[in-house]
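The values are calculated or read from the model by the stated rules, or taken from the named source; none is laboratory data. Bear in mind that the values here come from a model prediction, so they are computed numbers and not experimental data. Neighbour counts are summed over all protein chains in view; Cβ atoms, including those assigned to glycine, are modelled from backbone coordinates with ideal geometry. Note: areas computed on protein heavy atoms with side chains; ligands, DNA, RNA excluded. Shrake-Rupley method; radii C 1.70, N 1.55, O 1.52, S 1.80 Å.
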Amino acid sequence: MNPSSDNELEIIKKNITEQLFSGNLNSQSLSKIDQEKNQFQDKLFCIAEVFEETKSNGVGNSYMKNLTKGSISSLQKSSIEYKKKYKKRFLCLVVKKKWKIKIKKIKKNETTGIYSFCKKSWNLEDIKSIELIEKNPLFSITFNSKTHVWRCPNDKGRNEFIYMIVKFCDKYMKKKPKYFGFNEVFLQKMINSYKDEEVTETTKQITENDIDNYENEQKLKEEIVQVNLEELLKDINWKASSDATALVERLYNELTEIEANNVHSIFECEEQANLVVTQLDSAISELDLIDDLLSDYAKKLNDMGTDVKQIENKNKNLQIQTENQKLLYKELSELLNNLTIPSEIITTLYSETLTTDEGIQKCEKAANELKMKIEIDINDDLRSMTAVTEKINLFHGYENHFSNRLSQCIIEECKKESDNILKIKEKSKMTTKKSKFQLQIFTHNSIQDIVFKYKKLILWLRNVDPIKHNELLMNYVGIINEIYKKEIKDYSELLRFYYMEKRNEETDYVFEKGIERLNKITQKIQNSSASQISMSILKVGQDKKHRHFMKFGNNENSKSNNNSSLKKVKEESFSAKTATSDNLASLPDISDEKLYPPEAVTNTLNAIIPLIIQEQNFILNIFKLNSSNNKKSTMTLNDDKIENGIEKNKEINENFDEDMKSLDVAILSKVHDPIKDIKIKKKIFDIMNSIFENFKNELINIVDAGSQHDPTFAIGMMVRLECLLRDYKNTDQNYIYTIVEYVFKHLVVVFDSYMEKQFKAIDEFKNIRKKPQGVLPIISIFPNFVDCLEYNLENNDNETSGIVTITYERTSKKIFECIDSYTKDISNDNEKIDEKDKLNIHILIIENMHYFNIELAERQIKTLHYYITEAKNRYNHHLKAYKKIVIYKSFGKFMEFFDGIEELLSTNAPEEIGYHFKYSKASLKSVLRNYTRKDVKKGLENLYKQLSKHFTEESLIPEIWLSIQNEFTDHIKRIEELINKCYANTNIKLDFTLEELQNMYYDIEKSK
Amino acid sequence: MGKKKTQATTTPIHKIIMVGAGGVGKSALTLQYMYGDFIEEYDPTKADSYRKKVVNDGEECFIDILDTAGQEEYAAIRDNYYRSGEGFMCVFSITEAESFAQSQEFRDQICRILDNEDIPLLLVGNKCDLAHLRKVSTREAEALAAEWNCQYIETSAKTPSNVNECYAMIIRLIQQQKQSANKSKSTKNENQKNCCVIL
């Protein structure tokens, strides 16, 4: 049962063609010619040697069943069976007439070697599927649901055969059969590989086949074109006009579809394929299962993945959380650290004694710490935490408690001290009694020492609680106000009652007094002669004047060493006392030391002003009214870290200490530049005002006391005050300035009103119509008044001197008005007033003006120059009048005669005078006879006598006498000239020469 | 001395606190009231305290005026100051709308700290002499005052108009408050007693 070789096959094929398809080659058997005629056009295309199962389907089926089971053992068994039962047959592909393709089976009779057709033949169209089984050289063809299996030992033959079938199927079948186990391409390859192996033979055969094919195909084509084209065209609804490409596409589509169908049908019809399909199905289902499992696993893995992710996230979150919590913990612990105050601090604040230095220091530290805790740098969010706010509120509570305690303690301490001071004072008063009153004010405020101890705490309080700080300040002010009030009051009283000089020793500069005295004098006039009294007044005045100047010098001494010279020179006041015992009020005999009122004011101010300055500086420094800079620095301090803060705080405190390390009086007494901040200025003024509440009033009391008895002291006091004003004008001591200014103005008013009184007095003087004689009191007082004011003025050249100047002017004016009121009488009512009165007035004016002139000229006061020259003019004027009166009184006719001649001369020539009856030679002679040398001398003697009778002022008499001499001599000269002129030829002369006249004056003067 | 002591203890002290934005004239008002002087220069206050003895409605009393800082940087220290206040003057400048807007914050802060809505408070519109620069109308301010249930007054520290009046008003308010507080205290005590009985 061996398969035939290729060559054998070729021979077989030849034989078959010769026997069965003789048409092609030489037909050998005639018997079959008829048959051949029928089969004339039949053509053998391909032949394959196959082995067929004898018992048709039974074994095949069982084999197939075995195959599906996949059991190899059964397969081997069956293969043995199958070898035995297979018959050798030939399958051939035959093309018949009209392109009908048939597959025919041919069998060979082994004995005869004749090939014959088997009964069975199949149409190509009936092929549903073809299966090729590679391992066993089997192949099966399913024809209309019936499967035939052939074994083909020759691979090549089989493949060629199948290839041909497939080719034909592809070409001529609408529905392609299914192929299992191979495809066209595979077949093609196979065929080609064979071709390569046997190039010559196969190519020959193929070319032969091809030629045949070609011929057949040509025919076929013609037929198909003729028969089908139209149908086809109709079928596919094609029109010549429509798109060819579309048609191509459509055709192509249809073709591919057909092809696909073919393939499908090939496969479908294959049983094994179905098996495979079912197996595949099961495999697929199994795979599905596995897929399900896999997807399940995948899902599970995914789940796990997400879980892991979640856990990771959680982990991360936890880490963040822990980190956050760590941070929070840190933050909170820091906060807690910052916000916890050691209990000892609180106990310190609550109970540490504030009376010892140590305790104060402790408290300072604690308070600072507390403050730092409160003002700690926490951001706003933290600050808004309830716990924090509560804690801070708690701190504020401590703070408030401590500040209360502190301020109470300070106040109590201060009160204690102030009580102490007052007690001591009381005691000392008791012990010293009235034996020795010392004009002293206490120089140092010991309460300051106490407050000073607390200065840091006070500063602390200022920053913590301004209200309490202010309260404390006010309390301090209240307490020391009590002390100062008392001190100043005592001082002022003491000064006023015991030390203040009541007045200048002289009273002659007071115009009012002058009037009183004048009244007295006029009363006395009735008893004694007026001249005596006025003389006595003048004398007294002069005495005093000397003393006055002595005092001047003395005072200058005391001024030069102002601070030490609290006392006045004893002798001075002694002498003054003895000399003017009648004028001075009896003084209390406790003290014989008197203070000149301006000096008293100076002393008072010197005593009190340093206290004021000290107090102001103290308050400014300790209570930090002016510490806006410090305030800021302490504010910024809190922004820094705590450690730095402490250091800085120390630094600041040290700086501060440098400023006020101790209560050094020198530092405290420093006078600073003006305070620029008006707020502080106002405040400190207010405070000072309330501390030295009564200072202003007491100062005014002192000033009033000083000027009460003698308002001219006001000028002296004004001068002193003015000095102070100048000193304190541009300083921070606004309070002092204001007070002093106020007092100064008060003094101005006092002085003004005093002067008004004086002016009134002078005015009143005018009305006294009682034949005044001698130097009038107003005139005699005025120089004293000037002296007094000048003395008080002390070379001042400011406001006070201005006031004084005005006063001088006004006074002089008044005086002149007064004098004018007398002279008015003379000039106006010439006739009413008799000669004697006129003469008296002249004398009065001359005397007064002379006095005024002389007295004031030597004082060299500029403002009075005008009045001095005025006085001189008046003096000259009245002197002239007086001289005339006096001379005409004694030599009336003599003078009148020549006056008449002079009058005539103005209209007539000198020569004509003699012709006038009145002035004839004879009358001249008779006149001259009456005034011989003797007569003249007598007349002059009388005149001189009168002179000394008229004038009380002795120094004035020679002056006037000289002036009269000159006047008279001038008259005589004039007379001589007239005689020579008018009576030139007569040789009549005066009885005396000018020399004789001079001798006469001399004699008279001497005789006196 | 003794006299003075007793006086000091018996005369009531009213604590007024000046609040308001920076530069509205709290200090100017205070100084005008204290010293009768207008101060032109501006120097931001941190905190200044003043005391004055006044006679209000025939009654002698001390008034403590705390002039606080309007600047925002001092806001933290305000809290503590407010605690001691009995009456507040909420000052704003009629020429500055923002200062008016800030008034609300100040009032809120006061109410929050004192935990009381009816503290004596006065809304003060300062700088009314600068009428030509006015930015806040009287009606607006009055509306706000009505909302706060308090009075509104316009002042000028410069001219000075209404300065004494506004302080008199706040003192009166404080006095009233104190009186009513005393009353309520006594009634409260009674109530407490009653409660005790019931318990």
Please tell me if A:Lys120 is charged (D, E, K, R), at pLDDT below 75 and open to solvent by 60 Å² or more (accessible area, probe 1.4 Å). yes
Selection over region A:367-404 where residues are open to solvent by 50 Å² or more (accessible area, probe 1.4 Å) and not polar (S, T, N, Q) yields a count of 11
Examine region A:268-287 for a residue that is among the acidic types (Asp, Glu) and open to solvent by less than 80 Å² (accessible area, probe 1.4 Å), and state whether such a residue exists. yes
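Among A:Leu956, A:Leu940, A:Leu947, A:Leu905, which is over 30 Å from A:Lys872 (Cβ atoms) and touching a residue at least 24 places away in the same chain (Cβ under 8 Å)?
The conditions single out A:Leu905.
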If you go through region B:30-53 one residue at a time, how many are hydrophobic (A, V, I, L, M, F, W, C) and touching a strand residue (DSSP E or B) at 6+ places or on another chain (Cβ under 6 Å)? 2
Residue in region B:14-26 that is farthest from the other protein chains (Cβ to nearest Cβ), counting only those that are under 20 Å from B:Glu72 (Cβ atoms) and open to solvent by less than 20 Å² (accessible area, probe 1.4 Å): B:Ala21
For A:Asn908, which of the numbered conditions (1) farther than 24 Å from A:Ile957 by Cβ; (2) assigned to a helix (DSSP H, G or I); (3) open to solvent by 10 Å² or more (accessible area, probe 1.4 Å) fails to hold? (2)
Which one is nearest to the other protein chains (Cβ to nearest Cβ) among residues in region A:344-365 that are within 20 Å of A:Glu390 (Cα to Cα) and open to solvent by less than 80 Å² (accessible area, probe 1.4 Å)? A:Leu349
Could you list all residues from region A:926-954 that are open to solvent by 70 Å² or more (accessible area, probe 1.4 Å) and modelled with pLDDT under 75? A:Glu954
Which one of the conditions (1) within 12 Å of chain A (Cβ to nearest Cβ); (2) modelled with pLDDT under 85 does B:Thr11 fail to meet, given that it meets all the rest? (1)
